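The values are calculated or read from the model by the stated rules, or taken from the named source; none is laboratory data. Since the model is a prediction, treat every value here as computed from it, not as a measurement. As a convention, Cβ positions derive from the backbone with ideal geometry for all residues, glycine included, and neighbour counts pool all protein chains shown. We work out accessible area using only protein heavy atoms, side chains counted, and drop any ligands, DNA or RNA first. Shrake-Rupley method; radii C 1.70, N 1.55, O 1.52, S 1.80 Å.
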Amino acid sequence: MSRLVVVSNRVAPVKEGKASAGGLAVAILAALRKSGGIWFGWSGEVSDAPSEEVKISRVGRLAYATVDLTPQDHEEYYNGFANSTLWPLFHYRLDLTVFTRQNFSGYRRVNALFARKLAPHIGPDDLVWVHDYHLVPMGEELRRAGFTNRMGFFLHTPLPAPEILTALPEHETLMRGLCAYDLVGFQTDTDLRAFHEYIVLEARGELLDDGLVRAFGRTLRAAVFPIGIDTENVVQQAQIAARSRQTERLRQSLVDRKLIIGVDRLDYSKGIPVRFQAFERLLEEYPANRGRVTMMQIAPPSRADVAEYIEIRQVLETLAGHINGRFAEFDWVPIRYLNKGFNRRTLTGFLRTARIGLVTPLRDGMNLVAKEYVASQDPEAPGVLVLSRFAGAARELDAALIVNPYDIEGVADALQRALEMPLAERKERWEAMMKCVVENDVTAWREAFVGALEAAPFMADEQ
Ligand code: F6P
């Protein structure tokens with residue numbers, strides 16, 4: 001097997017067990033821990049005078065190679081084009097999308113910088129696997145520098161329909177960059193369809209047999225590879241965490257009340273306000289739940305320099321304060337709202353304790369918390385997953401209670417149904433979901449993608 005060189009903006013903390021932001025780093029770490037290789041990306045540090053050297057640290061067969069960013073690069077590339085343009089655009093939030101040429105040029109500059117820094121570490125037979133929207137042009141930069149390695153790209157977020165994507169003034173440059181790879185992977189059929197539509201309608205390209213696509217003078221393969229979790233590991237962690245001191249403390253604090261849990265980065269795409277409103281509605285419509293059900297939302301702050309993230313934080317603080325003020329009793333607070341992260345093991349214990357896992361993104365590439373909730377359950381007394389139809393995970397986890405997160409009353413009704421669901425039905429639904437979470441785990445995902453990349457013949461530029 002060829003060596004794997006993985007590139008992503010965010011690289012997981014080198015120290016195991018530390019909380020890492022978002023599902024991507026957790027999934028890549030799980031995938032790479034087994035295969036070994038190099039993981040290249042941003043160190044998470046911003047420095048006025050970043051070192052020219054790439055920092056390398058090794059853990060077993062895995063080498064972490066990271067670079068710092070200057071304040072300007074961090075602002076224009078990370079806060080700017082990645083998280084104020086592509087993130088909202090790819091999540092269908094044109095109303096929040098900021099377009100500036102300066103940010104786009106910062107984005108290209110950092111992609112070129114990453115390619116230049118990584119280049120000396122790439123061997124002739126290495127497979128290069130680039131992840132997510134921050135780094136679309138990276139493959140093209142490496143091609144420009146003469147690399148003919150097999151290169152793949154996986155998009156963790158949704159790809160929006162052309163009607164949305166073409167609002168980006170630089171859509172053609174971006175999509176040309178995407179077509180510099182040999183294999184492009186998406187989370188769901190919807191994303192692949194959006195890509196195909198773009199290729200045919202905008203790029204005037206062609207869809208060939210066997211998932212091949214011809215566009216921008218290249219031929220590449222595009223396919224769906226739904227990302228999974230390290231299921232075996234999560235199951236083990238949850239079993240251990242079931243007896244941990246923190247889980248016990250949580251259980252005691254609930255005093256026999258049922259727990260509804262949400263775990264998300266604090267992001268407007270996650271639909272957290274909807275969740276609070278649906279819970280409020282549940283307490284209004286089904287008052288027997290007052291004092292008997294507690295909701296816990298864990299939401300570590302994310303991208304805290306970006307205006308929309310400051311705003312969503314304020315919205316949630318107001319909403320949680322309003323609902324708690326309205327319904328709380330001297331011995332019960334309806335919503336526990338925590339702006340902090342927990343390590344994976346502690347989280348699995350919390351997920352296992354919850355009768356309902358509430359996952360209501362307005363758009364989400366996959367949503368690995370949904371899969372982690374399923375894997376953390378006690379098979380003898382599993383909880384119920386209430387899942388947005390707009391999460392990629394809903395394609396696989398169709399035995400969840402699927403909801404439309406824009407329909408607050410509908411989500412409240414689903415919560416009530418979940419609270420009342422008999423054990424036999426809970427088990428039946430859980431078993432169906434668990435089967436899929438076991439079969440399509442992160443190893444299956446890595447093997448499917450890497451296998452397809454190895455099989456993708458390098459097709460030189462045709463122009
Ligand atoms: O999974 C989507 C994603 O944007 C990843 O690319 C990213 O690493 C993660 O969410 C967390 O976001 P951030 O790296 O901006 O903290």
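Looking at the chain, what % of its DSSP beta bridges pair antiparallel, to the nearest 5?
Working: 12 of 58 bridges.
Percentage antiparallel, nearest 5: 20.
Just the number, please: percent antiparallel of the DSSP beta bridges in segment 17-91, rounded to the nearest 5.
Values: 5 of 12 bridges.
Close to 40 percent.
Would you mind calculating the gained length between Asp331 and Glu285 on full extension (0.36 nm times residue separation, minus the Cα-Cα distance), in nm to one decimal?
14.4 nm
Between Ile402 and Arg116, what is the label-point separation in nm under the 7 Å Cα-to-beta-carbon projection?
Going from the Arg116 label point to the Ile402 one covers 4.8 nm.
Once both axes come from the Cα atoms, what is the angle between helix 101-118 and the longest principal axis of the chain, in degrees from 0 to 90, rounded to 10?
It is inclined by approximately 70 degrees.
Quick one: of Lys34/Lys258; Lys258/Lys371; Lys258/Lys435; Lys117/Lys270, which pairs are farther than 30 Å apart, Cα to Cα? Kindly include the intermediate steps, with their values, before the conclusion.
On the way: Lys34/Lys258 38 Å; Lys258/Lys371 21 Å; Lys258/Lys435 26 Å; Lys117/Lys270 34 Å.
In this structure, Lys34/Lys258; Lys117/Lys270 exceed 30 Å between Cα atoms.
For the chain, with the dipole built from +1 on Lys and Arg beta-carbon atoms and -1 on Asp and Glu ones, taken about the Cα centre, which of Ser2, Leu387, Val26 lies farthest toward the positive end?
Farthest towards the positive pole: Val26.
Farthest toward the dipole's positive end in the chain, which of Leu86, Ala418, Ile164, given Cβ charges of +1 (Lys, Arg) and -1 (Asp, Glu) about the Cα centre?
My answer, from the dipole projection, is Ala418.
At a threshold of 8 angstrom on Cα-Cα distance, excluding pairs fewer than six apart, so keeping six or more, what relative contact order does the chain reach in percent?
Values: 899 pairs, mean separation 72.0, N = 463.
Answer for the chain is 16 percent.
With axes computed from alpha carbons, what is the tilt in degrees of helix 245-254 against the longest principal axis of the chain, rounded to the nearest 10 within 0 to 90?
50
With runs of 4+ DSSP H residues as the only contributors, calculate the mean residue ellipticity of the chain at 222 nm using -39,500 (n - 2.57) per run, divided by the residue total and rounded to the nearest 500. List each step's numbers first, then the result.
Values: 16 runs with 182 residues, N = 463.
Mean residue ellipticity, 222 nm, calculated: -12000 deg cm²/dmol.
Does segment 234-365 come out rounded, prolate or oblate, given a ≥ b ≥ c as the square roots of the eigenvalues of its C-alpha gyration tensor, rounded meaning a/c under 1.5 and, failing that, prolate meaning a/b above b/c? Intermediate values should be presented prior to the final figure.
On the way: a/c = 1.81, a/b = 1.09, b/c = 1.67.
Oblate, because a/c is 1.5 or more while a/b does not exceed b/c.
Leaving out ligands and nucleic acids, and using a 1.4 Å probe, what accessible area per residue does segment 232-439 come to in Å²? Let's see the in-between values first.
On the way: 8870 Å² over 208 residues.
Accessible surface, normalised per residue, equals 43 Å².
In degrees, nearest 10, range 0 to 90: what is the angle between the Cα axis of helix 272-285 and the longest Cα principal axis of the chain?
20
Work out the length of the dipole vector of segment 232-439 about its Cα centre, built from +1 on the beta-carbon of each Lys and Arg and -1 on the beta-carbon of each Asp and Glu, and round it to the nearest 20 debye. Walk me through the intermediate numbers first.
On the way: 30 positive and 28 negative charges, 122 e Å.
With only Lys, Arg, Asp and Glu charged at Cβ, the dipole is about 580 debye.
Would you mind calculating the relative contact order of segment 232-439 from Cα pairs under 8 angstrom and at least 6 residues apart, reporting the percent as a whole number? Write out the running numbers ahead of the final one.
Details: 371 pairs, mean separation 53.0, N = 208.
Relative contact order here is 25 percent.
On a C-alpha basis, how far is the centre of segment 125-155 from the centre of segment 292-348 in Å? Whole number, if you could?
Segment 125-155 and segment 292-348 have Cα centres spaced 38 Å from each other.
Just the number, please: percent antiparallel of the DSSP beta bridges in segment 232-439, rounded to the nearest 5.
Numbers: 1 of 21 bridges.
In segment 232-439, approximately 5 percent of DSSP beta bridges are antiparallel ones.
Considering only protein heavy atoms and a 1.4 Å probe, what is the carbon-and-sulfur percentage of the accessible area of the chain?
Details: 9210 of 18890 Å².
Carbon plus sulfur share of accessible area: 49 percent.
Given charges of +1 on the Cβ of Lys and Arg and -1 on the Cβ of Asp and Glu, with all other atoms neutral, how large is the dipole of the chain about its Cα centre, in debye to the nearest 20?
Working: 55 positive and 60 negative charges, 273 e Å.
Dipole of the chain, to the nearest 20 debye: 1300 debye.
What length, rounded to one decimal in nm, is gained on full extension from Arg395 through to Glu409, with 0.36 nm per residue of separation minus their alpha-carbon distance?
Values: separation 14, 0.36 × 14 = 5.04 nm, distance 2.27 nm.
Here the segment from Arg395 to Glu409 would lengthen by 2.8 nm.
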